[in-house]
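Enquirer: Shown below is the structure under consideration.
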Amino acid sequence: MSKQRKAVALISGGLDSMLAAKIIMEQGIHVEGINFFTGFCVEGHTHAIREKSNAKPTRNNALWVAEQLGIKLHIVDVIEEYKKVLINPKHGYGQHMNPCLDCKIFMVNKAKQWIVENDFDFIITGEVIGQRPMSQTKSKMPIVSKQSGADDLLLRPMCAKNLPATLPEIEGWVDREKLYDITGRSRKPQIEMAKEFGIDDYSQPAGGCCFLTDKYYSAKLVDLWKAQGTKDYELDDIMLLKVGRHIRPRPHFKLIIAREEGEGRFLQGYKKEFTSMHCSSHPGPLALIDGVVSAEDLYLAAQIVGRYGQGREAEQVDITVTDQEGSERVLQVKPLRTDEISNDWHV
Amino acid sequence: MTGTFKNIPMALKETLNARRLLCPLPVIRTQDKVKLLKPGDQLEVICTDPGVMHDIPAWCRINGHKVLETHSCDHEYIIVLEVGE
Ligand code: SF4
């Protein structure tokens with residue numbers, strides 16, 4: 001009896017990786033999913049933080065896809081290792097701070113290590129030639145295979161017929177004839193294929209699979225690095241970039257102001273790491289101060305925070321400032337007018 | 001919370017503090033902890049991200065573990081699971 005071949009599928013939670021896994025499963029291959037958590041993934045997070053979405057928590061699409069396919073999913077924490085990919089991408093950034101090509105190489109390399117450790121035979125991805133301008137062009141496909149070290153163990157079922165045969169095809173573990181030749185940005189072939197497989201519920205993220213493709217998020221990351229004077233980050237830094245209004249009135253400090261209750265509760269969890277402030281004479285949001293501030297800076301910060309509370313039109317409001325040890329003091333300030341908050345301060 | 005387990009004296013009863021972690025980190029921490037447990041052991045996961053009420057049960061279904069209990073109080077979300085085969 002021939003050996004049961006096993007493949008690991010990179011599952012992002014989108015339709016393409018779901019279809020790629022399905023195509024290979026249909027050929028009798030044992031498939032398990034792998035999903036890498038870089039810290040920037042769109043799944044969960046802001047949905048979870050923001051109050052409005054709490055009534056209907058969003059699902060994690062990677063888990064959901066695995067469940068629909070009936071396969072196991074291994075979620076791997078790559079937060080630390082991913083730093084070197086993002087901080088210094090050999091192939092540069094995409095439209096925003098997304099280092100897609102380096103990211104693909106990194107993930108396929110991790111998958112290669114995983115198949116060696118777990119005695120699997122090959123790797124599949126949902127990549128389609130021409131789907132994404134930076135990382136999924138025909139010329140980039142061999143770069144990912146080669147630089148990841150996966151070489152011909154990396155099979156892209158969605159566009160395999162347009163690429164040289166890989167080991168699973170050469171060895172006859174999978175039938176190349178039953179693979180596909182999709183190219184381009186159109187989603188029609190995938191939607192058709194989903195129909196054929198009876199898949200009628202799937203997620204199609206517009207920009208990409210992570211926050212780094214988001215213009216506003218990328219701007220906040222660049223601002224963070226500029227303020228720190230170094231390209232580095234901790235998980236808390238990048239989580240906080242997803243939450244609240246970020247206002248930098250001076251180069252050496254910024255305010256993170258909750259936009260609603262869920263964010264306020266989330267920011268509460270950081271009161272031991274940051275000086276925080278909130279309006280105590282009127283209802284208003286919690287704000288964290290990121291940076292070392294003088295008395296004058298603190299006063300300005302209080303005036304800004306006053307602007308975002310219900311006392312915004314009052315002559316004077318009380319702003320309670322709490323330091324990391326929990327000591328409190330009250331500043332009495334006049335909230336700034338909207339036109340006194342420079343547009344350039346908004347990160 | 002130990003009362004939850006009082007009728008199952010043989011099983012290991014562990015608690016995982018996943019407060020302040022956002023999904024999928026509570027799932028990853030649960031996955032890593034379960035790797036160290038045996039079938040029949042129980043794990044109580046305490047979280048603050050409401051997304052876990054979806055994600056941890058989904059992860060359990062995929063991987064053959066059983067959710068024994070889920071509840072929330074004071075913005076904390078608690079899931080008790082039993083490790084499967
Ligand atoms: S969108 Fe983000 S996760 Fe996806 S390949 Fe690009 S950098 Fe990587």
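The values are calculated or read from the model by the stated rules, or taken from the named source; none is laboratory data. Quantities reported herein were computed from a predicted structural model and do not represent experimental measurements. Cβ placement follows ideal geometry from the backbone for every residue including glycine, while neighbour counts extend to all protein chains displayed. The area values use the complete protein model at the heavy-atom level, side chains included, leaving out ligands, DNA and RNA. Shrake-Rupley method; radii C 1.70, N 1.55, O 1.52, S 1.80 Å.
Enquirer: Would you kindly state how much longer the chain becomes between A:GLU261 and A:ASP151 on full extension, computed as 0.36 nm times their sequence separation minus their alpha carbon distance, in nm to one decimal?
Expert: Contour length minus the Cα-Cα distance gives 34.7 nm.
Enquirer: Still on this model: Quick one: grab the alpha carbon gyration tensor of chain B, order the square roots of its eigenvalues as a ≥ b ≥ c, and give me rounded if a/c is under 1.5, else prolate or oblate depending on whether a/b is larger than b/c.
Expert: oblate
Enquirer: Right, another one. Kindly identify chain A as rounded, prolate or oblate by the Cα gyration tensor criterion: order the square roots of the eigenvalues as a ≥ b ≥ c, call it rounded if a/c is under 1.5, otherwise compare a/b with b/c, prolate if a/b is larger, else oblate.
Expert: Prolate.
Enquirer: Further question: Could you work out the mean count of beta carbons from other protein chains within 10 Å of each residue's beta carbon in A:30-36?
Expert: Mean partner shielding for this stretch: 1.
Enquirer: On the full set of protein chains, 1.4 Å probe, figure out the accessible area of A:CYS159 and give it in Å² to the nearest 10.
Expert: A:CYS159 has an accessible surface of roughly 0 Å² with all protein chains in place.
Enquirer: Please name whichever of A:GLN324, A:PRO99, A:TRP345 sits farthest to the positive end of the charge dipole of chain A, dipole taken about the Cα centre and charges placed at Cβ: Lys and Arg +1, Asp and Glu -1.
Expert: In chain A, that residue is A:PRO99.
Enquirer: Which GluC sites (Glu not before Pro) from segment A:230-282 combine a DSSP loop assignment with at most 12 other Cβ atoms within 10 Å?
Expert: Here the GluC sites (Glu not before Pro) that fit, given the DSSP loop and packing criteria, are A:GLU234, A:GLU273.
Enquirer: Which of B:PRO24, B:HIS75, B:ASN63 sits farthest toward the positive end of the charge dipole of chain B, with +1 on the Cβ of Lys and Arg and -1 on the Cβ of Asp and Glu?
Expert: B:ASN63
Enquirer: For chain A, give the share of DSSP beta bridges that are antiparallel, in percent and rounded to the nearest 5; count only bridges with both residues there. All intermediate terms of the calculation are to be shown ahead of the outcome.
Expert: Working: 24 of 41 bridges.
Bridges in chain A that DSSP calls antiparallel: roughly 60 percent.
Enquirer: Just order B:24-34, A:177-187 by mean Cβ neighbour count inside 10 Å, highest at the front, would you?
Expert: In decreasing order of mean packing, B:24-34, A:177-187 become B:24-34, A:177-187.
Enquirer: Taking beta carbons within 10 Å but only from partner chains, what does the mean come to for residues B:24-31?
Expert: Averaged over the peptide's residues, the number is 6.
Enquirer: Per-residue mean of other chain beta-carbon atoms within 10 angstrom of the beta-carbon, peptide A:235-247? Walk me through the numbers before you get to the answer.
Expert: Numbers: counts 3, 1, 0, 0, 4, 0, 0, 1, 1, 0, 0, 0, 0.
That average works out to 1.
Enquirer: Once the whole set of protein chains is in place, how much accessible area is left on A:VAL292, using a 1.4 Å probe, in Å² to the nearest 10?
Expert: We get 130 Å² for A:VAL292.
Enquirer: With the crude spin-label approximation of a point 7 Å out along Cα→Cβ, what separation in nm comes out for A:ASP339 versus A:ILE170?
Expert: Between A:ASP339 and A:ILE170, the label points sit 7.2 nm apart.
Enquirer: Please list A:TYR308, A:TYR82 from largest to smallest accessible area, probe radius 1.4 Å, with all protein chains kept in place. All intermediate terms of the calculation are to be shown ahead of the outcome.
Expert: Details: A:TYR308 55, A:TYR82 5 Å².
Result of the area sort, largest leading: A:TYR308, A:TYR82.
Enquirer: Can you find, among A:GLN310, A:ILE124, A:ILE182, the residue sitting farthest towards the positive end of the charge dipole of the protein assembly as shown, where Lys and Arg contribute +1 and Asp and Glu -1 at Cβ?
Expert: A:ILE182
Enquirer: Rounded to the nearest 10 Å², what accessible area does A:MET158 show when all protein chains are kept and the probe is 1.4 Å?
Expert: 0
Enquirer: Can you tell me the dipole magnitude for segment B:4-82 around its Cα centre, using point charges on the Cβ only (Lys, Arg +1; Asp, Glu -1), in Debye to the nearest 20?
Expert: Details: 10 positive and 10 negative charges, 48 e Å.
Roughly 220 debye for segment B:4-82.
Enquirer: Quick one: 3J(HN,Hα) in Hz for segment A:331-347, Karplus 6.51/-1.76/1.60 with θ = phi - 60°, rounded, Gly and Pro as x.
Expert: After applying 6.51 cos²θ - 1.76 cosθ + 1.60, I find 10, 9, 9, 9, x, 5, 7, 3, 6, 8, 9, 4, 4, 5, 6, 6, 7 Hz.
Enquirer: In addition: What FRET efficiency comes out for the pair A:VAL330/B:ASN63, r = Cβ-Cβ distance, R0 = 56 Å, nearest 0.05?
Expert: 0.60
Enquirer: Any idea how far apart A:GLN310 and A:THR322 come out in nm if each label point goes 7 Å out from Cα toward Cβ?
Expert: For A:GLN310 paired with A:THR322, the spin-label model returns 2.0 nm.
Enquirer: Would you give the gap between the C-alpha center of segment A:75-134 and the C-alpha center of segment A:225-276, rounded to a whole Å?
Expert: That distance is 28 Å.
Enquirer: With a 1.4 Å probe and all protein chains in place, put B:VAL83, A:VAL347 in order of accessible area, largest first. Walk me through the numbers on the way to the answer.
Expert: On the way: B:VAL83 10, A:VAL347 45 Å².
Largest accessible area first, the list is A:VAL347, B:VAL83.
Enquirer: Okay, next question. Which loop trypsin sites (Lys or Arg not before Pro) in segment A:191-242, with loop taken from DSSP, have no more than 14 other Cβ atoms within 10 angstrom of their Cβ?
Expert: Those that pass, being in a loop and sparsely packed, are A:LYS231.
Enquirer: Roughly what angle does helix A:215-228 make with the longest principal axis of chain A, taking Cα atoms, 0 to 90 degrees, to the nearest 10?
Expert: 60
Enquirer: Nearest 0.05, what FRET efficiency do A:GLU196 and B:CYS73 give at R0 = 45 Å with Cβ-Cβ as r? Intermediate values should be presented prior to the final figure.
Expert: Details: r = 46 Å, r/R0 = 1.03.
Once rounded, the FRET efficiency stands at 0.45.
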